[in-house]
Amino acid sequence: MFDPKAILTEIEAVIQEHDDSAGDCKGRGYPTSHYHHSHITISVALLAKPHRDEAYSNALLSKLETRIKALIPVPCAFSLGLEFLTPFYVTSLHKP
């Protein structure tokens, strides 16, 4: 149907092209064989920063939608959401 890894790679590329303060993106896919209609749901969560305002969000959503849909060769329902994480969120590398 489509390549989830390619979509995750494209999402990271779009975010990094759109925002030079963005770091590596942590992506995961959860395919299922049980569904009523073919559908892809994508949720993108970003750290809240002062420059990530309404104009930033709308432009990023538009770029993401265009680039992701270009990687989906079959008709399906498509949902894409953008959300901002609370300031009380930690992201780091763990190296025991």
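The values are calculated or read from the model by the stated rules, or taken from the named source; none is laboratory data. In this text, all values refer to a predicted model and were calculated from it rather than measured experimentally. All Cβ positions, even for glycine, are placed from backbone atoms using ideal geometry, and neighbour counts span all protein chains on display.
Just give me the residues in region 52-80 being outside any helix (DSSP H, G or I), within 24 Å of A6 (Cβ to Cβ) and not hydroxyl-bearing (S, T, Y), in sequence order. Working first, answer last.
Pass one, region 52-80, residues outside any helix (DSSP H, G or I): 52-53, 70-80.
Of the ones still in play, those that are also within 24 Å of A6 (Cβ to Cβ) are 70-80.
Once the filter is applied, which keeps residues that are outside any helix (DSSP H, G or I), within 24 Å of A6 (Cβ to Cβ) and not hydroxyl-bearing (S, T, Y), region 52-80 yields A70, L71, I72, P73, V74, P75, C76, A77, F78, L80.
Got a sec? Which of E12, E83 is assigned to a strand (DSSP E or B) and of a type in the set (D, E, K, R)? Before you say what the answer is, go through the steps one by one.
Working: E12 fails: assigned to a strand (DSSP E or B).
None of the others qualify; the one that does is E83.
Evaluate the following for T41: is it modelled with pLDDT under 95, closer than 15 Å to M1 by Cα and surrounded by fewer than 10 Cβ atoms within 10 Å (Cβ to Cβ)?
Working: modelled with pLDDT under 95: yes; closer than 15 Å to M1 by Cα: yes; surrounded by fewer than 10 Cβ atoms within 10 Å (Cβ to Cβ): no.
Here the answer is no, as T41 does not meet what is asked.
So, of the residues in region 72-83 that are exposed (fewer than 14 other Cβ atoms within 10 Å of the Cβ) and under 14 Å from the mean Cα position of the chain (by Cα), which turns out to be farthest from G29 (Cα to Cα)?
E83
Across region 34-46, what is the number of residues that are in a loop (DSSP other than H, G, I, E, B) and either in contact with a Pro (Cβ under 9 Å, 6 or more places away or on another chain) or under 14 Å from E83 (Cβ atoms) (or both)?
Narrowing region 34-46 to residues in a loop (DSSP other than H, G, I, E, B): 34-38.
Now restrict to residues that are either in contact with a Pro (Cβ under 9 Å, 6 or more places away or on another chain) or under 14 Å from E83 (Cβ atoms) (or both): 38.
Residues meeting the conditions: 1.
Out of all the residues in region 10-51, which are within 14 Å of the chain's Cα centre (by Cα) and aliphatic (A, V, I, L, M)? I'd like the intermediate steps shown before the answer.
Just the residues of region 10-51 that are within 14 Å of the chain's Cα centre (by Cα), to begin with: 10-19, 22-30, 40-47.
Correct list: I11, A13, V14, I15, A22, I40, I42, V44, A45, L46, L47.
Can you tell me which residues in region 52-67 are under 13 Å from the mean Cα position of the chain (by Cα) and in contact (Cβ under 8 Å) with a residue 12 or more places away in the chain? Even if it seems obvious, please write down each step before you answer.
Taking region 52-67 first, the residues under 13 Å from the mean Cα position of the chain (by Cα) are 57, 60-67.
Scanning region 52-67 gives S57, L60, L61, K63, L64, E65, R67.
Among the listed residues T66, T86, which satisfies the condition of being at pLDDT below 95 and either hydroxyl-bearing (S, T, Y) or within 14 Å of I15 (Cα to Cα) (or both)? I'd like the intermediate steps shown before the answer.
On the way: T66 fails: at pLDDT below 95.
Being at pLDDT below 95 and either hydroxyl-bearing (S, T, Y) or within 14 Å of I15 (Cα to Cα) (or both) holds for just one of T66, T86, which is T86.
Would you please name the residue that is nearest to L71 (Cα to Cα), looking only at residues in region 1-27 that are touching a Pro at 6+ places or on another chain (Cβ under 9 Å) and without any contact (Cβ under 8 Å) to a residue 60 or more places away in the chain? Before you say what the answer is, go through the steps one by one.
Initial filter on region 1-27 (touching a Pro at 6+ places or on another chain (Cβ under 9 Å)): 1-2, 4, 27.
Among the residues that remain, those that are also without any contact (Cβ under 8 Å) to a residue 60 or more places away in the chain are: 4, 27.
Details: P4: 9, G27: 16 Å.
Once the filter is applied, the top-ranked residue is P4.
Does K49 satisfy the criteria of being part of a loop (DSSP other than H, G, I, E, B), charged (D, E, K, R) and either touching a residue at least 40 places away in the same chain (Cβ under 8 Å) or surrounded by 12 or more Cβ atoms within 10 Å (Cβ to Cβ) (or both)? Full working, then the answer.
Numbers: part of a loop (DSSP other than H, G, I, E, B): yes; charged (D, E, K, R): yes; either touching a residue at least 40 places away in the same chain (Cβ under 8 Å) or surrounded by 12 or more Cβ atoms within 10 Å (Cβ to Cβ) (or both): yes.
Yes; evaluated as a whole, the condition is true for this residue.
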